[in-house]
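Only the coordinates and a few stated rules stand behind these numbers; no lab work does. Fair warning: this is a prediction, and the values are worked out from it, not measured in the lab. Cβ: placed from backbone, ideal geometry, glycine included. Neighbour counts: every protein chain shown.
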Amino acid sequence: MRVVIQFFRKYKLEIGLAFLFIAAFFITRLVNLTILPVFADEAIYVRWSQIMRNEPTLRFLPLSDGKTPLFMWILIPFFKFFQDPLFAGRLVSVLSGFGTLVGIFVLARYLWNSRVAFLSAFLYIFSPYMLFFDRMALVDSFLNFWGIWSLFLAVLLVRTLRLDVAMFLGFALAGAVLTKPSGWFFLYLLPLSLILFDFRGPTEKTSGEAAYLKKPIAFRLGKLFGLWMVSAFFAFLGYNLLRLGPNFAMIAARNKDYVFTLQEVLTHPLDPFKARIVEFTGWFGTLLTWPIFIASLFGIVWGIVRKERTLIFLFLWALLPFLIQAEVAKDISSRYLIFSATQLLFLAAFFINQIFDFGGRKFGKVFVPIFLILISILPAIFIFQLLSNPQEAPLPRKERSGYLEEWTSGYGIKESADYLKKVAQKEKVVVGTEGAFGTLPDGLQIYLEGVLNVRVFGTGVVPVYELPKSLIEASKENQTYFVVNASRKLFDDEKLQLVGKYPKARNQKGQQDYLLFYHVQERDGKRTI
């Protein structure tokens with residue numbers, strides 16, 4: 001007990017800050033967690049998890065679309081405790097983000113000191129980039145969790161050459177590749193940790209902590225390569241669990257839909273590479289906010305000029321996936337670069353810490369809080385908008401379009417589902433939607449899972465040129481509804497009676513799409529509720 005008291009007395013400031021940071025993290029992540037409507041990929045992932053929960057033989061269902069299933073597996077037990085499926089899915093990402101926060105602190109503390117560690121954690125908590133995706137039921141926050149711990153364990157391994165560290169690194173890599181195929185990046189990046197390898201010869205003085213340095217360099221390098229093979233073995237072992245699923249081959253098949261082949265890359269090596277470098281840089285500046293992004297660039301320059309191996313290592317860990325995806329990805333969004341952006345936070349925190357040292361000596365202790373407040377103004381405004389009115393937040397054009405404006409944005413879906421639940425209390429309901437997967441019908445199905453008397457199906461047609469005949473037939477014996485986005489409905493029909501019209505955000509041209517919720521009036525021209 002005495003030891004515990006002494007520990008708390010010695011580290012009371014750090015412990016107090018840790019509790020403050022934890023509270024800040026969960027407040028910023030949990031407040032109005034479902035203020036954004038369900039997004040297309042969220043609807044798919046949550047729906048897969050619901051199906052997998054109800055039918056054990058379909059536990060590898062995501063493989064049918066070339067996706068790896070770990071996120072969906074983790075989500076399944078959350079449905080037992082939370083009625084709102086979207087909240088449950090997003091909570092998994094919140095907890096993933098907390099694991100990432102802990103990893104960021106541990107890594108920065110290991111590489112530098114407590115102040116840089118707290119600065120790195122502060123930048124993560126109040127980064128609009130990280131906050132946005134920590135609040136979405138997407139796999140990317142979960143992947144970032146595995147990525148930061150793979151990075152820490154890679155650093156720890158190259159400095160300790162321990163078998164247990166190599167095994168834990170293998171487990172982290174397995175988690176990454178079971179979450180998303182791009183998790184292989186973390187394995188391919190392992191050789192970069194040679195930058196941190198201690199190349200001192202065995203005749204030089206070594207500390208007790210680094211007794212292994214007494215071994216010849218060739219021996220230590222050989223051991224490191226051997227330990228990397230151990231890590232790779234566990235990563236491949238975990239990945240090969242997917243062979244238990246019937247559609248394992250679909251991962252490679254669907255990968256062709258997402259990336260250019262080598263022949264295609266050689267045909268147009270600078271297209272779309274050049275345009276994407278500009279686009280990606282804009283994403284970092286907007287979502288990290290420009291003061292933090294510029295600080296990270298100065299951190300890169302500092303590392304190169306001062307030959308700081310740690311900074312160079314982190315820069316390359318961020319840069320290589322950035323460049324590879326700019327070159328080979330057919331389509332990309334900012335969430336695919338989240339693990340590159342995370343490394344930039346370390347670089348920014350290191351440089352800001354240097355500014356604190358300089359400013360503290362020049363202007364006194366008051367400099368640090370004033371400077372911290374100044375660099376926090378833009379992130380604070382951005383975060384407040386995301387938590388209170390996302391349509392006002394300065395999201396990049398592609399993100400705003402996908403999450404707020406177009407068919408991928410699920411405004412009105414929950415409201416339509418609530419209406420249908422009331423109708424289903426009295427009689428059977430059939431609901432048809434546009435499309436075959438995504439925001440519709442999956443977004444509607446996740447809210448109506450387990451509701452008796454309701455059958456939801458996608459018509460499979462986009463855009464829709466006429467009222468599907470299956471709905472006309474269904475309306476003769478059931479209360480029948482049709483849900484479609486206004487931008488995809490290219491017909492009028494007197495059988496449709498509008499029940500609800502839900503606006504999405506306006507685009508940059510002032511145009512606005514709507515989710516249209518119709519009652520199909522074939523049976524008696526009346527709808528009940």
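List the chymotrypsin sites (Phe, Trp or Tyr not before Pro) within segment 1-101 that fall in a DSSP loop (any state other than H, G, I, E or B) and whose Cβ has at most 10 other Cβ atoms within 10 Å.
Those satisfying the criteria are 81.
For a quick check: sort 403, 411 by the number of other beta carbons within 10 angstrom, fewest at the front.
411, 403
Fewest to most neighbouring Cβ within 10 Å: what's the order for 228, 302, 317?
302, 228, 317
For the Cα atoms of the chain, what angle does the longest principal axis make with the long axis of helix 290-306, in degrees from 0 to 90, nearest 10?
That helix lies at roughly 30 degrees to the long axis.
For segment 396-522, give me the percentage of DSSP beta bridges that are antiparallel, rounded to the nearest 5 percent.
55 percent
What chymotrypsin sites (Phe, Trp or Tyr not before Pro) does segment 458-529 have in DSSP loop regions with at most 12 other beta carbons within 10 Å?
Qualifying residues, ordered by number: 465, 491.
Counting Lys +1, Arg +1, Asp -1, Glu -1, what net charge surrounds residue 392 among other residues with beta carbon under 13 Å of its beta carbon?
+2
Residue 480's amide H: which non-local residues (gap 5+, or another chain) put their own amide H closer than 5 Å, with H modeled 1.01 Å from N in plane and none for Pro or chain starts?
Result for residue 480 returns 430, 520.
Which lysines have a Cα lying under 20 Å from the Cα of residue 215, excluding residues fewer than 8 positions away in the same chain?
Reachable lysines: 205, 223.
With Cβ to Cβ distances under 11 Å as the rule, what net charge do the other residues near residue 140 carry (K, R +1; D, E -1)?
0
Which entries of 180/330; 414/501; 330/489; 426/469; 414/469; 330/509 have Cα-Cα distances beyond 19 Å here?
330/489; 426/469; 414/469; 330/509, as the Cα separations exceed 19 Å there.
Quick one: Karplus J couplings for segment 480-496, per residue in order, coefficients 6.51, -1.76, 1.60, θ = phi - 60°, nearest Hz, x for Gly and Pro?
Karplus-based 3J(HN,Hα) across segment 480-496 equals 10, 9, 9, 10, 7, 7, 4, 5, 10, 9, 10, 7, 10, 8, 5, 6, 8 Hz.
What does the charge count near residue 31 come to, summing +1 for each Lys or Arg and -1 for each Asp or Glu among other residues with Cβ under 14 Å from its Cβ?
My count for the surroundings of residue 31 gives +2.
Helix 338-363 versus the longest principal axis of the chain: what is the Cα-based angle in degrees, 0 to 90, to the nearest 10?
Roughly 50 degrees between the two axes.
If you count the DSSP beta bridges with both ends in the chain, what percent of them are antiparallel, to the nearest 5?
Percentage antiparallel, nearest 5: 60.
Find the Cα radius of gyration of segment 1-122, compare it with 2.2 N^0.38 Å by division, and give the number to two decimals.
1.39
Got a sec to turn the phi values of segment 497-505 into Karplus ³J(HN,Hα) couplings, 6.51 cos²θ - 1.76 cosθ + 1.60 with θ = phi - 60°, whole Hz, x for Gly and Pro?
Computed from phi, the couplings for segment 497-505 are 10, 5, 9, x, 9, 10, x, 9, 5 Hz.
Loop only by DSSP, 14 or fewer other Cβ within 10 Å of the Cβ. Give me the trypsin sites (Lys or Arg not before Pro) in segment 360-435 that pass, ordered by residue number.
The qualifying sites are 365, 426.
Summing -39500 (n - 2.57) over the DSSP H runs of n ≥ 4 in the chain and dividing by its residue number, what mean residue ellipticity at 222 nm do you reach, to the nearest 500 deg cm²/dmol?
-18500 deg cm²/dmol
Sorting 136, 1, 130 on the 10 Å Cβ count, fewest up front, what's the list?
Final ranking by Cβ density, sparse to dense: 1, 136, 130.
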